[in-house]
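Data first, discussion second: the structure below is written as structure tokens.
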Amino acid sequence: GAVVSQHPSWVICKSGTSVKIECRSLDFQATTMFWYRQFPKQSLMLMATSNEGSKATYEQGVEKDKFLINHASLTLSTLTVTSAHPEDSSFYICSASREGGFSYEQYFGPGTRLTVT
Amino acid sequence: GQQVMQIPQYQHVQEGEDFTTYCNSSTTLSNIQWYKQRPGGHPVFLIQLVKSGEVKKQKRLTFQFGEAKKNSSLHITATQTTDVGTYFCAGQAGTASKLTFGTGTRLQVTL
């Protein structure tokens, strides 16, 4: 149990376009979902934390108008990169905490590799 | 803000040698987790430590949580080529707070 999927697994888009990434908890309800970004050979940096039905909490330095997060249900969160630029190219990973489980357990999705040309 | 550092950044060992990565947090943690990320892959959860001074073992891997709950270590005995990857520690300052990932240690193992 505790499987998290992401779609798409990779995407290439042109500069100036928007890209939506989906994160789904397949076999559990996720009270909280987290979005991370990882640049090559670097660590994971938390971008934002989202709870179902409420606004996401963004980390310092992350533009909320550029990275739109919607946590519409207990099994789905989406990250939309608006007006993408080459510097947004990165590996985006989501994770989810399970409702009823220990709040410190996070289950990670397989990640989405975004390339902006 | 909270910072989690790991040393070394990179280590290259020959198969059969031991390997240790050290993790240090700027603040006291409620728990620490360890993840392994293979090249091109996503982080995979290895273990969680909660208690001060806790030691846990998984086959050839030994994890320790410091007495002050600010540091941790991962030791691999007799490395194998399948151990190749980047090992991250990740700490939480409170039971419901965000995970702060360490800087990671990249392990290369050659025959």
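The values are calculated or read from the model by the stated rules, or taken from the named source; none is laboratory data. Treat the numbers as computed from the prediction; the structure is a model and nothing was measured. Ideal geometry is used to build each Cβ from the backbone, glycine not excepted, and the neighbour counts take in all protein chains shown.
B:ALA78 fails exactly one of the following numbered conditions: (1) surrounded by 19 or more Cβ atoms within 10 Å (Cβ to Cβ); (2) within 21 Å of B:VAL13 (Cα to Cα); (3) aliphatic (A, V, I, L, M). What is the number of that condition?
The one condition B:ALA78 does not meet is (1).
Of everything in the range B:45-94, what is assigned to a strand (DSSP E or B) and charged (D, E, K, R)? Give them in sequence order.
B:LYS56, B:LYS57
If I filter the range B:1-17 down to residues being assigned to a strand (DSSP E or B) and within 14 Å of chain A (Cβ to nearest Cβ), which single residue comes out as farthest from B:PHE101 (Cα to Cα)?
If we take residues in the range B:1-17 being assigned to a strand (DSSP E or B) and within 14 Å of chain A (Cβ to nearest Cβ), then B:TYR10 is farthest from B:PHE101 (Cα to Cα).
Of all residues in the range A:99-108, which are more than 7 Å from every other protein chain (Cβ to nearest Cβ), in a loop (DSSP other than H, G, I, E, B) and either at pLDDT below 60 or closer than 19 Å to B:LYS36 by Cβ (or both)?
A:GLY100, A:GLY101, A:PHE102, A:GLU105
Could you run through the range A:64-99 and say how many residues are without any contact (Cβ under 8 Å) to a residue 60 or more places away in the chain and more than 23 Å from A:LYS41 (Cα to Cα)?
Within the range A:64-99, residues that are without any contact (Cβ under 8 Å) to a residue 60 or more places away in the chain and more than 23 Å from A:LYS41 (Cα to Cα) number 14.
How many residues does the range A:8-29 contain that are in a strand (DSSP E or B) and either more than 14 Å from chain B (Cβ to nearest Cβ) or more than 16 Å from A:PHE91 (Cα to Cα) (or both)? I'd like the intermediate steps shown before the answer.
Going through the range A:8-29, the residues in a strand (DSSP E or B) turn out to be A:10-13, A:19-25.
Retained after the next criterion (residues that are either more than 14 Å from chain B (Cβ to nearest Cβ) or more than 16 Å from A:PHE91 (Cα to Cα) (or both)): A:11-13, A:19-20, A:22, A:24-25.
Final tally of qualifying residues: 8.
Can you name the residue in the range B:45-70 that is within 14 Å of chain A (Cβ to nearest Cβ) and basic (Lys, Arg) and, of all such residues, is farthest from the chain's Cα centre (by Cα)?
Taking the candidates together, the pick is B:LYS51.
If I ask for residues that are in a strand (DSSP E or B) and either more than 14 Å from chain A (Cβ to nearest Cβ) or in contact (Cβ under 8 Å) with a residue 40 or more places away in the chain (or both), which ones from the range B:28-44 would you list?
B:ASN31, B:ILE32, B:GLN33, B:TRP34, B:TYR35, B:LYS36, B:GLN37
Mind listing whichever residues of the range A:30-82 are modelled with pLDDT under 90, crowded, with 19+ Cβ neighbours inside 10 Å and within 11 Å of chain B (Cβ to nearest Cβ)?
A:THR32
Output the residues belonging to the range A:21-44 that are touching a Phe, Trp or Tyr at 6+ places or on another chain (Cβ under 8 Å) and under 16 Å from A:VAL81 (Cα atoms).
A:ILE21, A:CYS23, A:TRP35, A:TYR36, A:ARG37, A:GLN38, A:PHE39
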